[in-house]
1. Would you mind checking which residues have amide H under 5 Å from residue 63's amide H? H placed 1.01 Å from N; only 5 or more apart, or other chain.
2. Counting only protein chains, not ligands or nucleic acids, how are 226, 210 ordered by accessible area (probe 1.4 Å), most first?
3. Excluding ligands, DNA and RNA, what is the solvent-accessible area per residue of the chain at a probe of 1.4 Å, expressed in Å²?
4. May I ask you to give the percent of accessible area on region 1-97 that is carbon plus sulfur, with a probe radius of 1.4 Å?
5. Taking K and R as +1 and D and E as -1, what net charge do the other residues with C-beta under 10 Å from the C-beta of residue 126 add up to?
6. Would you work out what percent of the accessible area of region 251-347, with all protein chains in place, is carbon or sulfur (probe 1.4 Å)?
7. For region 166-270, how big is Rg over Rh, using alpha carbon atoms and the Kirkwood form of Rh?
8. Could you pull out every residue, at least 5 positions away or on a different chain, whose amide H is within less than 5 Å of the one on residue 241? Hs are placed 1.01 Å off N in the peptide plane, and Pro or chain starts have none.
Amino acid sequence: MSESPLFLLAEHTTLGVGGPAAHWREARTHVEIQAALAWASERGLSTVVLGGGSNVLAADRGIDGLVLRLRNAKLQASRAGDVARITVGAGMNWDAFVAWTVAEGFSGLECLSGIPGEVGAAPLQNIGAYGQEAGRVIRRVEVVDRATGATEELSQEACEFGYRESIFKTKLAERFIVVEVEFELSKGPALVAYGELERALENEPEPSLLRVRETVLNLRRAKSMLLDPSDPNGRSAGSFFVNPGVSHHEADAVEERARALAVHAPMPRFTQGAKQKLSAGWLIEHSGLTKGTRRGQVGLSTKHCLAVVNHGGATAEEIVKFATEIRQRVRDTFGVTLTPEPRPLGFLPGELAALYD
Ligand code: EPU
């Protein structure tokens, strides 16, 4: 376990904002995680766990407690025929893990190529893209209870996975630290079941897992949704808002408002259970905040309205102000309230009410 005097969250988050961590430790094993929790608790400090920092909005004031960076990145596979159980440390880079599964011929995660962050975040927000979700192939999640330091295991059912959601964000929010995730994957064909991906591969029947991975990476690159330091749209937290789920009646009302505003682009809407899923990017764009809209050093990506970009030197306060403007604008225009995706860190109670409540 190591501790160092100054760690700026801006340097450890993909949005590139956030002040210093008062205390910083890195942990590789359960024992080190438990020791760090005990160390913080003895001093009356709160502990914040940081993964790849790709879905985090850190406050300019920083964090006055302990920031714990997990570095456990081991991967262990046990195989039986075409099926494997793969146990992966929370600190492993997500895309490195996906690349491994594709190289080994296992299907189930190929569409999740290029998602920034680490394996530990996958169950938290049930990461998903192009028709796949991590929660479908997660069999077990090993966690450490923050209060007691005890290790526990949650089955797939116990995780209550939903769209960008799990029990770790709802009933058990902030109770556990994810330390290890077990996946069950089988050898099999790639999934091509999302319009944009189908179009990109329309001339290739039965594309290999590797081709699908490459195609997803290209699609994400084209939208600046890959971590790339040379990309001017790249300093972001990916999608800043989740796609809203509304009733059929509300979706009709939104469509009606769009018609009244003479929006000609058809409104994307997909059935998800009893809800209609709308596209937050489309709503933002047609509320008048078009791609590339700027407010000083903050703006919308020029490729995709769902990404809020720090163009260099922006503060968290500026990001919050702009994101709040976006939320207000979409609410005023379409009557839909967007929910931000990044996890806020270091803000005071009530400070983000206009953005998160
Ligand atoms: N659209 C617009 N304007 C925009 C952006 C999108 O009109 O500026 C429209 C598109 O034309 C399309 C629809 O919105 O009809 C959906 O766009 P897209 O296919 O890009 O997907 P998304 O719903 O915006 C979601 C995920 C992404 C994931 C893609 C592909 C969420 C919040 N985002 O984006 O995940 O890669 O689908 O599956 O669910 C992330 O969460 O950080 C992320 C990048």
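The values are calculated or read from the model by the stated rules, or taken from the named source; none is laboratory data. This is a predicted model, so every value here is computed, not measured. When we count neighbours, we look across all protein chains shown, and the Cβ atoms used for this are built from the backbone with ideal geometry, even at glycine. Ligands, DNA and RNA are stripped out before the accessible areas are found, and what is left, the full protein with its side chains, is counted by its heavy atoms. Shrake-Rupley method; radii C 1.70, N 1.55, O 1.52, S 1.80 Å.
1. Those lying under 5 Å, H to H, from residue 63 are 21, 22.
2. Values: 226 25, 210 95 Å².
From most accessible down to least: 210, 226.
3. Using a 1.4 Å probe on heavy atoms only, each residue of the chain averages 44 Å².
4. In region 1-97, the share of accessible area belonging to carbon and sulfur is 51 percent.
5. 0
6. 51 percent
7. For region 166-270, the value is 1.04.
8. Result for residue 241 returns 341.
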